[in-house]
1. For the stretch B:54-103, which positions are under 29 Å from B:Glu205 (Cβ atoms) and of a type in the set (Ser, Thr, Tyr)?
2. Would you be able to say whether some residue in the stretch A:97-107 is without any contact (Cβ under 8 Å) to a residue 60 or more places away in the chain and closer than 24 Å to A:Leu7 by Cβ?
3. Scan the stretch B:40-66 for residues that are without any contact (Cβ under 8 Å) to a residue 40 or more places away in the chain and more than 9 Å from DNA strand F (Cβ to nearest atom) and report the count.
4. Give all pairs with beta carbons closer than 9 Å in which a residue from the stretch C:21-34 that is under 12 Å from C:Leu70 (Cα atoms) meets a residue that is within 12 Å of DNA strand E (Cβ to nearest atom) and open to solvent by 80 Å² or more (accessible area, probe 1.4 Å); count only pairs at least 6 apart in sequence or on separate chains.
5. Filter the stretch D:40-93 down to the residues that are within 11 Å of DNA strand E (Cβ to nearest atom), more than 14 Å from chain C (Cβ to nearest Cβ) and among the charged types (D, E, K, R) and list them by number.
6. Return the residues of the stretch D:93-102 that are in a helix (DSSP H, G or I) and surrounded by 12 or more Cβ atoms within 10 Å (Cβ to Cβ); say none if nothing qualifies.
7. When you go through (1) at pLDDT 95 or above; (2) under 23 Å from the mean Cα position of the chain (by Cα); (3) open to solvent by 50 Å² or more (accessible area, probe 1.4 Å) one by one for A:Glu3, which number turns out not to apply?
8. Would a scan of the stretch D:106-121 turn up a residue that is open to solvent by less than 80 Å² (accessible area, probe 1.4 Å) and over 18 Å from the mean Cα position of the chain (by Cα)?
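The values are calculated or read from the model by the stated rules, or taken from the named source; none is laboratory data. Only a predicted model underlies this, so the values are computations on that prediction, with no experimental measurement involved. Quick reminder, even Gly has a Cβ in these numbers, built from the backbone with ideal geometry, and neighbours come from all protein chains shown. Side chains are part of the model used for accessible areas, which takes the heavy atoms of the whole protein and leaves out ligands, DNA and RNA. Shrake-Rupley method; radii C 1.70, N 1.55, O 1.52, S 1.80 Å.
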Number of protein chains: 4
Amino acid sequence: MNEQQWLKELLQRNGEDVKLSEKQIKILQAAIEMFAEKGYAATSTSEIAKRAGVAEGTIFRHYKTKKDLLLAIVTPTLFKSVAPFLAKEFVKEVFESQYQSYEDFIRALLRNRYQFVKKYLPAIRVFWQEIAFHAEIKEQFQRIFTTHVYQKFKQIVEHFQEKGELTAIPVDSVIRMTITTIAGFLLTRFIVLPDYDWDDEAEMERTVQFLMHGLSKKDGWFA
Amino acid sequence: MNEQQWLKELLQRNGEDVKLSEKQIKILQAAIEMFAEKGYAATSTSEIAKRAGVAEGTIFRHYKTKKDLLLAIVTPTLFKSVAPFLAKEFVKEVFESQYQSYEDFIRALLRNRYQFVKKYLPAIRVFWQEIAFHAEIKEQFQRIFTTHVYQKFKQIVEHFQEKGELTAIPVDSVIRMTITTIAGFLLTRFIVLPDYDWDDEAEMERTVQFLMHGLSKKDGWFA
Amino acid sequence: MNEQQWLKELLQRNGEDVKLSEKQIKILQAAIEMFAEKGYAATSTSEIAKRAGVAEGTIFRHYKTKKDLLLAIVTPTLFKSVAPFLAKEFVKEVFESQYQSYEDFIRALLRNRYQFVKKYLPAIRVFWQEIAFHAEIKEQFQRIFTTHVYQKFKQIVEHFQEKGELTAIPVDSVIRMTITTIAGFLLTRFIVLPDYDWDDEAEMERTVQFLMHGLSKKDGWFA
Amino acid sequence: MNEQQWLKELLQRNGEDVKLSEKQIKILQAAIEMFAEKGYAATSTSEIAKRAGVAEGTIFRHYKTKKDLLLAIVTPTLFKSVAPFLAKEFVKEVFESQYQSYEDFIRALLRNRYQFVKKYLPAIRVFWQEIAFHAEIKEQFQRIFTTHVYQKFKQIVEHFQEKGELTAIPVDSVIRMTITTIAGFLLTRFIVLPDYDWDDEAEMERTVQFLMHGLSKKDGWFA
DNA sequence: CATGAATGAGGTTTCATTCAT
DNA sequence: TATGAATGAAACCTCATTCAT
């Protein structure tokens with residue numbers, strides 16, 4: 001039972017608990033595992049039913065189509081993926097209190113996303129593997145990203161550029177490099193080389209240092 | 001005819017020209033386009049045949065199975081993807097003459113891979129989208145990467161660390177950050193936001209600067 | 001419904017009733033008819049579906065492959081073909097009570113197998129037509145024949161040779177001639193010339209006489 | 001080259017040599033082998049071409065359809081199968097000179113057909129395996145059998161019944177038992193148990209004895 | 001609410017045959 | 001004459017979805 005806790009957490013939004021029957025959870029778990037491994041298109045509903053231990057028809061009682069089942073996995077994952085940026089008070093908190101520097105912010109963000117990926121890895125795999133193939137998912141992601149993540153990220157970066165901590169290269173470049181660096185670490189850590197002998201604390205700190213050296217205002221940037 | 005030049009180049013190895021009938025090229029082109037767009041599993045051979053303008057049976061005369069068709073696209077792409085590192089004289093050239101600094105090397109590598117991705121984008125998409133789903137492709141990639149790319153990359157990084165240009169953080173971390181940064185740029189440039197108003201020259205130079213500031217030996221790294 | 005009785009009987013073993021849905025019976029009936037007529041390889045699953053009045057997919061819900069469908073017909077037929085010899089008490093019964101002579105035994109066997117072929121003719125045709133093409137069927141048959149039929153037949157023949165009823169030629173020859181003669185009659189009667197104006201009682205008795213004259217101990221056998 | 005002699009002999013009729021190109025012989029050989037092993041319907045023309053070492057198109061240059069190729073094998077085999085009865089002088093020879101008794105006739109027939117089967121086994125397998133599936137072949141066989149074999153066989157049997165050598169049971173029964181017995185031996189010898197440790201001379205003589213004891217006029221037949 | 005038999009459209013693959021070379 | 005690339009119909013089989021129980 002406890003094993004399914006992560007799934008319930010992934011599916012909840014705004015802290016409201018979602019109601020899922022035993023069978024529904026089994027179905028989602030099976031679907032996530034198989035979609036992650038073989039891909040959505042290469043996984044049959046009968047395989048999912050078998051692994052979930054339910055009848056084929058039961059899947060379609062809960063999810064009208066196979067695609068709905070995918071979206072039931074992918075949509076919550078998308079929201080949780082960018083969750084830090086969805087909180088209303090997020091930017092304010094960054095400015096006013098919590099983070100004294102971009103470095104602090106980055107460090108917190110990296111650690112937060114590290115925990116997130118560690119917890120929900122299979123669902124995240126599904127999300128990123130399928131986003132290339134489904135226009136609806138891509139559009140939903142772009143909408144969320146543009147209206148929530150990008151806007152807020154921009155405010156933060158400009159804030160620290162004005163404070164003189166970050167170089168004056170275009171904000172978009174800073175955002176791109178930041179995201180690319182964080183995502184690059186997590187991808188390598190959890191997908192490309194999960195079996196490598198990682199010293200997570202050290203590598204995360206190295207990643208923060210790399211990013212900050214790369215982005216700090218200092219002599220030499222195009223000098 | 002000229003349109004297909006890139007395909008012929010992609011398929012050739014060791015400079016030897018590959019022999020492809022008119023129809024074979026049409027099939028490969030159609031397959032690459034559709035696999036890139038919808039994914040291998042979601043693309044039917046009948047669709048490929050239709051787009052290629054051949055009978056469905058013709059596909060199977062040239063490629064015994066649908067999987068063989070995928071591999072005919074993916075294997076050359078894998079080799080071309082890491083081509084710079086496959087050349088015998090590669091490391092020697094880096095040391096002895098061509099590149100005075102890691103920065104020069106990175107700049108050359110980035111430009112080279114930029115041209116590569118620009119030229120072969122659809123095939124590269126197929127490669128990276130499908131590597132997650134096909135164990136054989138993943139294994140082939142790991143074999144090539146470990147024995148060719150990683151070994152040589154390591155020599156190069158150690159060389160410039162000894163020369164005092166790069167920080168003394170673990171070689172693996174340097175390699176990871178380098179690849180991550182380059183790949184992150186190319187991915188954003190060509191896949192995530194291809195329609196953004198890019199100033200390629202400027203962004204590439206910024207990326208090089210970011211990387212070098214991030215990796216250069218200097219006060220502050222863990223100080 | 002009653003028409004299908006023979007099929008249910010053919011499929012049952014050890015007297016246990018087999019559970020077959022309406023559609024399954026229709027599929028088996030259609031398959032037997034078509035395999036008998038055109039052969040397994042020349043019969044398509046779509047034809048079977050059409051004749052059975054079911055969707056093609058329904059066949060594959062019940063039988064994973066076309067070959068499985070063949071085996072579902074052929075295996076029970078094989079067992080029923082040699083059924084008399086599979087009964088545990090068979091030899092004992094022959095010796096102790098039922099049959100006073102080889103002639104009685106042969107007569108009973110011939111009549112029994114005559115009824116069997118008459119009842120299950122189409123399935124038997126399938127069995128004998130396909131045994132030449134499928135190694136698994138041939139091997140299964142040889143295993144059953146060697147361990148059950150041959151062993152018991154040998155005991156019986158030796159018994160009546162010792163009693164002086166049968167000539168002293170090699171047991172294997174006696175068995176071969178017996179089987180050959182019985183099978184030859186049934187084959188001619190039901191397959192080669194089913195439309196000939198047969199007097200079954202007379203011809204069976206003639207066949208028994210022919211066999212017994214041919215095999216009885218008497219002056220003249222190699223004398 | 002000498003290997004193909006049997007094929008040329010099989011194909012010739014009335015002693016006239018048939019003209020066959022090298023490739024045609026290879027095709028026929030390959031077809032006979034594969035039809036014998038897997039059956040006509042389960043053998044593809046491309047397999048035949050491969051085994052024959054010719055291009056697929058070459059088969060269709062010599063035989064308009066796959067069925068024609070089958071008939072090119074089966075028709076000569078049919079004629080050779082009943083060849084002894086096709087000779088014009090056959091009956092006369094039996095009566096006037098060669099065979100003093102039915103036993104002599106049977107012995108000669110059995111030895112003759114034994115040699116025939118030994119020589120042309122693969123083609124004979126094809127003939128008997130396919131006769132069940134192809135109405136044209138069955139009809140051709142029935143025509144030949146009725147008009148040539150049966151007529152002459154009847155004359156012979158009646159001749160020896162009149163001479164008092166054979167019992168007075170119906171001629172058809174005598175013919176059936178004779179053919180059944182001979183065919184039963186050959187089938188067991190060459191198809192069912194070819195690997196058994198046969199003493200051919202002894203078993204053939206036993207078969208003749210069995211047949212003659214079974215058919216001779218004597219006390220006991222229905223007495 | 002759950003089941004699983006049934007469907008039929010569509011998937012990959014094979015095949016006999018044709019035809020330009 | 002011989003080839004083998006090309007065809008497209010049809011083969012076997014899978015699949016998402018429905019629905020009576």
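1. B:Thr77, B:Ser81, B:Ser97, B:Tyr99, B:Ser101, B:Tyr102
2. Scanning the stretch A:97-107 turns up no residue that is without any contact (Cβ under 8 Å) to a residue 60 or more places away in the chain and closer than 24 Å to A:Leu7 by Cβ.
3. Going through the stretch B:40-66 one residue at a time, the tally reaches 12.
4. Going by the 9 Å Cβ cut-off, the qualifying pairs are C:Ala30/C:Lys50.
5. Selection gives D:Lys50, D:Glu56, D:Arg61, D:Lys64, D:Asp68.
6. From the stretch D:93-102, those in a helix (DSSP H, G or I) are D:93-98, D:102; that's our starting set.
Those that are in a helix (DSSP H, G or I) and surrounded by 12 or more Cβ atoms within 10 Å (Cβ to Cβ): D:Glu93, D:Val94, D:Phe95, D:Gln98, D:Tyr102.
7. (1)
8. Looking only at the stretch D:106-121, we keep the residues that are open to solvent by less than 80 Å² (accessible area, probe 1.4 Å), and these are D:106-110, D:112-114, D:116-117, D:120-121.
Within this subset, residues satisfying the condition of being over 18 Å from the mean Cα position of the chain (by Cα) are none.
No: the stretch D:106-121 contains no residue that is open to solvent by less than 80 Å² (accessible area, probe 1.4 Å) and over 18 Å from the mean Cα position of the chain (by Cα).
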